[in-house]
2 protein chains.
Amino acid sequence: MAQQERALRTRRLIVEAAGAVFDEMGFAAATTNEIIDRSGVTRGALYFHFPSKEAIADAVVAAQDEALVPPERELRLQAAIDLTMSFGDRLRHDPVLRGAVRLAVEQASYRKPDASPYVSSHAVVLRLLREAEHHGELLPGVDPEEVTALIVGAFTGIQVLSQAINNRADLLGRVTVLWRYLLPGLAVPALLPRLNTAPEVRIAQ
Amino acid sequence: MAQQERALRTRRLIVEAAGAVFDEMGFAAATTNEIIDRSGVTRGALYFHFPSKEAIADAVVAAQDEALVPPERELRLQAAIDLTMSFGDRLRHDPVLRGAVRLAVEQASYRKPDASPYVSSHAVVLRLLREAEHHGELLPGVDPEEVTALIVGAFTGIQVLSQAINNRADLLGRVTVLWRYLLPGLAVPALLPRLNTAPEVRIAQ
């Protein structure tokens, strides 16, 4: 393995272990010792990649970008719906994404809170809604910017409740409810019967 | 002051100080010393009322019930809208409520998460939506139970983002956006022009 490749692999092992540790314990209770134990890397390797626990947390938060690739869909609103479904499904199974979301919601526990953990999701949803607007999918007067803020905020809280109540078992069902009640205020009526909001991960186009 | 009255006052001083401390620091970083300093009560008095930091946190979370009294309104949907506006406004100014909401969102930092911090808000909103249904305010097929879960979840996340981005300065505006896009999927069309979703606290009927 080339040196650079090995370094990338080590970094990934650290981020994966840290995601699980932050998901389970939150930032304050997590320790670099625990992250070292779980990742199997040396203390030297960890500090080579990350000068502090804060830096590891930032890398875990950034790792959510992987789950923010929208699927190709003819209808851009369907792409937005499907993105929330696949993100929600991954949140149920992927410890790094779970850790990232916990750190985002609890960011006051380790940094001065700002918009940064939400910048990527905001940008991806906004692009889809702007495209939906250009394609004539949105009702007149719908503002893609404010709807994006609504969807990112609502999704964030919905997954907080779903996690608290049943460890996210009902998360996709709750996302369905969000879209079912939101779409009549967003989409042109002719589209409503064509949009699929069922609580499932749709892979194919 | 009678003894019981004095005890109640001491308890309130502790909960008020603790709300501010939990709001600023989160559960993990908060200390009973800090709560004692800010409340001005003795350590003995604090432990007389609360055996642990967890017990103080539970009392702070319970204190949010005060902010969950719905206003009297002819239209029950207007009462629900106005409740979210007054709760949001109070969240901007009331340290105990801010502490309660932070503890609710971060409950994994001090207890096994469950629905308990959301039970009161769910019950209040559900009652309003059931009344709205009986009064013919809701579209056919609207399920008050799932809409309640949506509103409580969406509000929770919307305030998380508003807090992170501008310390809740734009919270009421974000709540307006929630209702503006949600109402077309909830309310019978004839009601839409009668419902006021402007970002303000409406006191009078």
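Report yes if residue A:31 is open to solvent by 20 Å² or more (accessible area, probe 1.4 Å) and among the β-branched types (Val, Ile, Thr), otherwise no.
Taking the combined requirement at face value, the residue satisfies it.
Consider residue A:159 carefully, then state whether it is at pLDDT below 95 and within 26 Å of residue B:168 (Cα to Cα).
Answer is no for this residue.
Give segment A:112-131 a look and list any residue that's facing another protein chain (nearest Cβ under 10 Å), more than 16 Å from residue A:154 (Cα to Cα) and in contact (Cβ under 8 Å) with a residue 40 or more places away in the chain, or say none.
Selection gives A:116 alone.
Between B:74, B:16, which is open to solvent by 60 Å² or more (accessible area, probe 1.4 Å), touching a residue at least 24 places away in the same chain (Cβ under 8 Å) and assigned by TED's automatic domain parsing to the domain that holds residue B:96?
When all the criteria are applied, what remains is B:74.
Might you check whether a residue that is closer than 21 Å to residue B:145 by Cα, touching a helix residue (DSSP H, G or I) at 6+ places or on another chain (Cβ under 8 Å) and open to solvent by 50 Å² or more (accessible area, probe 1.4 Å) occurs anywhere in segment B:182-191?
no
For segment A:145-166, which residues satisfy the criterion of being open to solvent by 10 Å² or more (accessible area, probe 1.4 Å), in contact with a helix residue (DSSP H, G or I) (Cβ under 8 Å, 6 or more places away or on another chain) and more than 8 Å from chain B (Cβ to nearest Cβ)?
A:145
When both residues are 6+ apart or on different chains and their Cβ atoms are under 7 Å apart, which pairs have a first residue that lies in segment B:78-92 and is open to solvent by less than 10 Å² (accessible area, probe 1.4 Å), and a second that is among the hydroxyl-bearing types (Ser, Thr, Tyr) and not in a helix (DSSP H, G or I)?
These pairs meet every condition: B:81/B:197.
Among the numbered criteria (1) more than 14 Å from chain A (Cβ to nearest Cβ); (2) within 28 Å of residue B:138 (Cα to Cα), which single criterion is violated by residue B:80?
(1)
Which one is farthest from residue A:186 (Cα to Cα) among residues in segment B:169-193 that are of a type in the set (Gly, Ala, Ser) and more than 10 Å from chain A (Cβ to nearest Cβ)?
My answer is B:169.
Go through (1) part of a loop (DSSP other than H, G, I, E, B); (2) open to solvent by 60 Å² or more (accessible area, probe 1.4 Å) for residue A:9 and report which single condition fails.
All conditions are met except number (1).
Any idea which of B:128, B:150, B:183, B:77 is in contact with a strand residue (DSSP E or B) (Cβ under 7 Å, 6 or more places away or on another chain) and more than 24 Å from residue B:23 (Cβ to Cβ)?
Result: B:77 is the single residue among B:128, B:150, B:183, B:77 that is in contact with a strand residue (DSSP E or B) (Cβ under 7 Å, 6 or more places away or on another chain) and more than 24 Å from residue B:23 (Cβ to Cβ).
Among the candidates A:102, A:127, A:43, single out the residue that is of a type in the set (Lys, Arg), modelled with pLDDT of 95 or more and open to solvent by less than 60 Å² (accessible area, probe 1.4 Å).
Only one candidate passes the filter, namely A:102.
Looking at (1) under 30 Å from residue B:21 (Cα atoms); (2) surrounded by fewer than 16 Cβ atoms within 10 Å (Cβ to Cβ), can you tell me which one residue B:136 breaks?
(1)
From A:16, A:54, A:24, which residue is more than 14 Å from chain B (Cβ to nearest Cβ), out of contact with any Phe, Trp or Tyr (no Cβ under 7 Å at 6 or more places or on another chain) and acidic (Asp, Glu)?
That would be A:16, the only listed residue that is more than 14 Å from chain B (Cβ to nearest Cβ), out of contact with any Phe, Trp or Tyr (no Cβ under 7 Å at 6 or more places or on another chain) and acidic (Asp, Glu).
The values are calculated or read from the model by the stated rules, or taken from the named source; none is laboratory data. The structure presented is a predicted model; accordingly, all values stated were derived computationally and were not measured. No Cβ is skipped: glycine too gets one built from the backbone with ideal geometry, and neighbour counts run over all protein chains shown. For the accessible areas, the whole protein counts, side chains as well, though only heavy atoms, and no ligand, DNA or RNA atoms are used. Shrake-Rupley method; radii C 1.70, N 1.55, O 1.52, S 1.80 Å.
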